[in-house]
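Shown below is the structure under consideration.
The values are calculated or read from the model by the stated rules, or taken from the named source; none is laboratory data. Nothing here was measured: the structure is a model prediction, and the numbers come from that model. With ideal geometry, Cβ positions are generated from the backbone for all residues, glycine too; neighbour counts draw on all protein chains shown.
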Amino acid sequence: MNWPFEYTYTQLPDTLWARVDPIPVRAPRLLIFNDALADTLGLSPWLEDVDLAALFSGNWLPPGARPFAQAYAGHQFGHFALLGDGRALILGEWCTADGQHMDLQFKGSGRTPFSRRGDGRAAVGPMLREYLISEAMYALGIPTTRALAVVATGETVLRTRALPGAVLTRVASSHIRVGTFELAARINQTTLQALADYTIQRHFPACAHAKRPYLALLEAVIAHQARLISQWLHVGFIHGVMNTDNMSIAGETIDYGPCAFMDTYHPDTVFSSIDTAGRYAFANQPTMGIWNLTRFAETLLPLLDERPDRAKALAQDALADFGRQLQQHWLEGMAAKLALSKPDSTLIYDLLQHMADTQQDYTLTFRYLAQWLRQQTTPLPQTASWQAWLQRWRNGLTVPPYQAADLMDTVNPCIIPRNHQVQKALDAAEAGDMAPFNALLNALRQPFCDNAATRPFMAAPREDERIMQTFCGT
Ligand code: AMP
Ligand code: MG
């Protein structure tokens with residue numbers, strides 16, 4: 001029986017996609033599979049008699065599957081390039097019980113017409129890294145693509161050294177990117193409009209009824225990104241490669257390359273080895289968000305109004321709201337992290353300044369603050385300026401301290417995927433031992449719980465454990 005995949009995307013002009021099959025691998029071996037996600041998707045009944053390693057490597061195609069790769073463009077570190085799924089393809093769109101279409105995508109499944117000089121493959125380390133961090137983001141309540149499986153291919157991929165190969169199966173609301181619109185706009189207006197209509201129908205159906213549907217689309221994408229980036233800031237997440245081809249129109253965190261969570265708080269923190277100029281530094285992410293959204297708005301100009309001046313004015317007004325929305329979400333979230341009934345921006349900025357000045361761990365600081373409310377003791381510095389800040393903060397609370405502390409512990413994670421822990425788990429996995437990876441994953445699935453599962457992963461890295469750089473590993 002055919003699997004019930006849909007292929008709505010392939011009704012778009014064929015300049016935006018290409019029919020491609022995965023290239024079989026030598027010796028597929030399932031490293032990890034996300035049972036809970038398969039259940040949520042309603043996929044489990046289809047998997048009962050299936051060899052999961054064969055399925056999630058692309059060696060066995062479900063009947064009825066007609067995989068395709070997407071074409072897109074993008075600004076990478078500010079420079080325009082024609083791109084596309086060079087090592088990925090969409091197995092199919094899967095309809096969930098609530099009627100959503102989810103892309104099931106293989107990453108590392110072999111060359112495609114968009115591979116350029118790449119080998120179309122991926123390595124075990126980076127694919128498990130994406131699995132771990134995207135699932136951690138999900139548990140933190142931050143919109144993200146998710147991970148369904150990683151299969152080791154039994155083949156070697158050649159990077160700076162020879163690495164074990166892997167295929168990741170990723171699940172996303174869609175893989176439409178700002179870069180997809182950049183490509184469509186360069187093809188012609190018919191293609192652009194088809195993509196815009198498709199996007200509205202798939203992600204923002206309410207926009208179809210707006211007076212100006214394409215302006216409503218722009219506003220919706222801006223609103224989702226403002227919220228998403230504010231949530232990254234709340235947990236200390238640094239995406240690392242916020243190129244326009246890595247910005248999802250649906251507002252999900254996508255493409256976990258050299259991303260990382262900050263340990264010690266500093267707004268200029270950068271981990272990515274290729275981001276030498278700090279373009280995608282922690283505190284620069286809102287600026288890069290609006291930069292990318294401006295590229296998106298430019299593609300939509302011909303659809304916003306026939307008069308170019310009017311179209312530009314409409315786009316500028318919409319873009320101008322991004323900063324206000326982001327600031328508001330950010331302040332509200334920071335207020336919640338401190339159990340304040342309303343945002344107090346001076347208090348919040350003073351805290352961040354103290355954290356930077358005394359090199360505090362971003363994540364643990366908020367847990368220590370709750371602890372101080374309960375016990376009046378804290379590992380935070382006993383300096384006069386910290387003491388003054390603590391008193392000022394407590395005096396501003398409108399709920400009893402123990403209640404504020406409990407509230408804080410429901411929004412401030414005690415664990416995040418810290419680089420040194422992630423690296424240890426990946427090193428073990430590469431050497432054939434998945435136990436450390438599974439233990440860390442299990443802990444990251446309950447980030448607000450201080451318990452036996454999470455405690456081993458809570459501490460900030462010691463000086464000799466600190467990892468200063470992350471790599472794309474592509
Ligand atoms: P990324 O940095 O993962 O967002 O990738 C940027 C672009 O390079 C995308 O179009 C990828 O499909 C492509 N790419 C990355 N690695 C490979 C590879 N090993 N083979 C072919 N294309 C690749
Ligand atoms: Mg990408």
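Listed here are the residues, each with its yes/no results for (1) basic (Lys, Arg); (2) touching a strand residue (DSSP E or B) at 6+ places or on another chain (Cβ under 8 Å); (3) loosely packed, with under 13 Cβ neighbours inside 10 Å.
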position	(1), (2), (3)
332	no, no, no
342	yes, no, yes
362	no, yes, no
376	no, no, yes
379	no, no, no
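Among the listed residues 123, 71, which satisfies the condition of being crowded, with 16+ Cβ neighbours inside 10 Å, within 14 Å of ligand 2 (Cβ to nearest atom) and hydrophobic (A, V, I, L, M, F, W, C)? Steps first, please.
Values: 123 fails: within 14 Å of ligand 2 (Cβ to nearest atom).
Only one candidate passes the filter, namely 71.
Within the stretch 444-451, can one find any residue that is assigned to a helix (DSSP H, G or I), away from ligand 1 (no atom under 16 Å from the Cβ), not assigned by TED's automatic domain parsing to the domain that holds residue 276 and not aliphatic (A, V, I, L, M)? Steps first, please.
Taking the stretch 444-451 as the starting set, the residues that turn out to be assigned to a helix (DSSP H, G or I) are 444.
So of that shortlist, the ones also away from ligand 1 (no atom under 16 Å from the Cβ) come out as 444.
From what is left, the residues that are not assigned by TED's automatic domain parsing to the domain that holds residue 276 are 444.
Within this subset, residues satisfying the condition of being not aliphatic (A, V, I, L, M) are none.
Within the stretch 444-451, not a single residue is assigned to a helix (DSSP H, G or I), away from ligand 1 (no atom under 16 Å from the Cβ), not assigned by TED's automatic domain parsing to the domain that holds residue 276 and not aliphatic (A, V, I, L, M).
For the stretch 292-317, which residues satisfy the criterion of being closer than 17 Å to residue 192 by Cβ and hydrophobic (A, V, I, L, M, F, W, C)? Quick ask: steps written out before the conclusion?
From the stretch 292-317, those closer than 17 Å to residue 192 by Cβ are 293-306, 308, 311-312, 314-315; that's our starting set.
Correct list: 293, 296, 297, 300, 301, 303, 304, 311, 314, 315.
Could you say which residue among 39, 49 is away from ligand 2 (no atom under 16 Å from the Cβ), out of contact with any helix residue (DSSP H, G or I) (no Cβ under 6 Å at 6 or more places or on another chain), over 17 Å from residue 9 (Cβ atoms) and in a loop (DSSP other than H, G, I, E, B)?
Values: 39 fails: in a loop (DSSP other than H, G, I, E, B).
Only one candidate qualifies: 49.
Let me ask something else. Of everything in the stretch 440-457, what is closer than 19 Å to residue 429 by Cα and of a type in the set (Lys, Arg)? Give them in sequence order.
445
Please work out which residue is surrounded by the fewest Cβ atoms within 10 Å (Cβ to Cβ), limiting yourself to the stretch 94-115 and to residues that are closer than 21 Å to residue 2 by Cα and within 15 Å of ligand 2 (Cβ to nearest atom).
103
Is there a residue in the stretch 446-453 that is within 25 Å of residue 34 (Cα to Cα) and in contact with a Leu (Cβ under 9 Å, 6 or more places away or on another chain)?
So far as the stretch 446-453 goes, yes, one or more of its residues are within 25 Å of residue 34 (Cα to Cα) and in contact with a Leu (Cβ under 9 Å, 6 or more places away or on another chain).
Filter the stretch 453-474 down to the residues that are within 16 Å of ligand 2 (Cβ to nearest atom) and at negative phi, then identify the one that is modelled with the highest pLDDT.
The first filter runs over the stretch 453-474 and keeps only residues within 16 Å of ligand 2 (Cβ to nearest atom), leaving 470-474.
Next cut, at negative phi only: 470-472, 474.
Details: 470: 88, 471: 83, 472: 74, 474: 58.
Here the residue is 470.
Just checking, does the stretch 69-86 include any residue being assigned to a loop (DSSP other than H, G, I, E, B), over 26 Å from residue 189 (Cα atoms) and not hydrophobic (A, V, I, L, M, F, W, C)?
no
Out of the stretch 325-380, which residues are closer than 30 Å to residue 293 by Cα and not in a helix (DSSP H, G or I)?
If the condition is that a residue be closer than 30 Å to residue 293 by Cα and not in a helix (DSSP H, G or I), then 342, 343, 344 are the ones that fit.
Can you tell me which of (1) over 26 Å from the mean Cα position of the chain (by Cα); (2) within 23 Å of residue 430 (Cα to Cα); (3) in a loop (DSSP other than H, G, I, E, B) is the one residue 58 doesn't meet?
Evaluating residue 58 over (1) over 26 Å from the mean Cα position of the chain (by Cα); (2) within 23 Å of residue 430 (Cα to Cα); (3) in a loop (DSSP other than H, G, I, E, B) leaves (1) as the failure.
Among the residues of the stretch 244-259, is there at least one that is closer than 21 Å to residue 320 by Cα, within 13 Å of ligand 2 (Cβ to nearest atom), touching a Ser or Thr at 6+ places or on another chain (Cβ under 8 Å) and not aliphatic (A, V, I, L, M)?
Let us first name the residues in the stretch 244-259 that are closer than 21 Å to residue 320 by Cα, namely 244, 247-251.
The next check asks that each one be within 13 Å of ligand 2 (Cβ to nearest atom); those that pass are 244, 247-248.
Next, only the ones that are touching a Ser or Thr at 6+ places or on another chain (Cβ under 8 Å) stay: 248.
Narrowing the set further to residues that are not aliphatic (A, V, I, L, M) leaves 248.
Checked the stretch 244-259: at least one residue is closer than 21 Å to residue 320 by Cα, within 13 Å of ligand 2 (Cβ to nearest atom), touching a Ser or Thr at 6+ places or on another chain (Cβ under 8 Å) and not aliphatic (A, V, I, L, M).
Please work out which residue is farthest from ligand 1 (Cβ to nearest atom), limiting yourself to the stretch 202-260 and to residues that are in contact with a strand residue (DSSP E or B) (Cβ under 6 Å, 6 or more places away or on another chain) and part of a helix (DSSP H, G or I).
Step by step, filter the stretch 202-260, then rank; the result is 244.
Hey, could you check the stretch 261-274 for residues that are more than 16 Å from ligand 2 (Cβ to nearest atom) and assigned to a strand (DSSP E or B) and say which is nearest to residue 413 (Cα to Cα)?
Initially, the stretch 261-274 is screened for residues more than 16 Å from ligand 2 (Cβ to nearest atom), giving 261-271, 273.
Pick out the ones that are also assigned to a strand (DSSP E or B) and you get 261, 264.
Working: 261: 12, 264: 15 Å.
My answer is 261.
Within the stretch 390-411, track down each residue that is in contact (Cβ under 8 Å) with a residue 40 or more places away in the chain and over 22 Å from residue 446 (Cα atoms).
Once the filter is applied, which keeps residues that are in contact (Cβ under 8 Å) with a residue 40 or more places away in the chain and over 22 Å from residue 446 (Cα atoms), the stretch 390-411 yields 392, 393, 396, 397, 398, 399.
Could you list, in sequence order, all residues of the stretch 427-442 that are surrounded by 15 or more Cβ atoms within 10 Å (Cβ to Cβ) and either under 19 Å from the mean Cα position of the chain (by Cα) or at pLDDT below 95 (or both)?
430, 440, 441
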